[in-house]
Every structure is written in structure tokens, then in C-alpha cells.
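The values are calculated or read from the model by the stated rules, or taken from the named source; none is laboratory data. Computed from a predicted structure; not experimentally measured. Glycine also receives a Cβ, built like all others from the backbone with ideal geometry; neighbour counts cover every protein chain displayed.
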């Protein structure tokens, strides 16, 4: 089972980096806060973890052990991706941080809604002063991703078990 965890964790981390690089080389503005980037990344992760869940279900592990294994793989993939993202934003292309600030500002301006002038000014100052790719910000983003990752793994396990039940000989 540990080989499955490591194998799919590394593949999923690599797939996430691959999706990010497609956006980086194709349309950087979509990389820095785009729903499309997140959606495509999550689709890739979901497919990989569904395959891992099917393999784990076939191996006969209990549901709890399988979920623990899948989540461990997700943690590996998230660590790989966030290490890449930190290096990308801080070493390879620091200008991405400024592009992200502009994208956040444009998104905020498009959704001002019922904000007071004071709230608008404070938010703009926060965006201008912020560095969203520090070590602590990266760790916090990874922690947030892990919450969704647990749900993704649970969903992949559920689907794999349902599929296995439907194919079981009677």
C-alpha cells in the first residue's frame, strides 16, 4: 500500500505542477487566481485519486485504511506542488506576485458591492502591502488545500467502492 501512496502522491504532485506550467507558459494571468486553473488542477487530482482508490479497494484494505492511505498520498502531492509554487513565485518569477496583486485588485473592483469607502481603501492597502507567497502563507494555503483534499479522497474512495460493488460477482 505504501507504494500506491507514494506512486499516486508523486504523480498527482507532478500533474498539479504540469497544469500550473501549462497556465504559466500559456496564460500567466490565469495562473494567479483563476477559477479555471483550480478547476483543471482539481479534475486532474480527482482522476488520479480515483485510480488510487480503485487500486486500494482491489487490494482489500478497510475503508478507514484506504482513506488514510489516499489522504497521505494527497499530502505528498500537496507538499510537492506547494514547494514548486513557493520556488516559482519567489525564485523563478517574482513578478508573478505583482501580477497576482493586480488580478486580486481587478477581482475586488468588479465586486465592490455594498462596501464602504473605508473598507475599499483598507482592502486595497492590504493587497498592495501583501506578499502572498511567504513560507507561512504557503503553509497556510497548503493546510487549506488539505481540507478539500480530504473530501476529494473520501469522494474518490466512495466512488471506487460503489464501482467495485457494481462489478462484484453475485
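If you take the residues of segment 24-37 that are under 20 Å from residue 133 (Cα atoms) and at pLDDT 85 or above, which of them is surrounded by the most Cβ atoms within 10 Å (Cβ to Cβ)? This residue is 24. With a requirement of 3 or more residues that are within 30 Å of residue 166 (Cα to Cα), the helices (runs of 4 or more DSSP H) lying completely within segment 1-74 that satisfy it span 2-26, 35-58. Within segment 121-132, being surrounded by 14 or more Cβ atoms within 10 Å (Cβ to Cβ) and either assigned to a helix (DSSP H, G or I) or at pLDDT 75 or above (or both) holds for 123, 124, 127.
Among residues of segment 147-169 being under 16 Å from the mean Cα position of the chain (by Cα) and surrounded by 13 or more Cβ atoms within 10 Å (Cβ to Cβ), the one that is farthest from residue 50 (Cα to Cα) is 148. When 115, 162 are checked against the criterion of being without any contact (Cβ under 8 Å) to a residue 40 or more places away in the chain and not in a helix (DSSP H, G or I), a single residue qualifies: 115.
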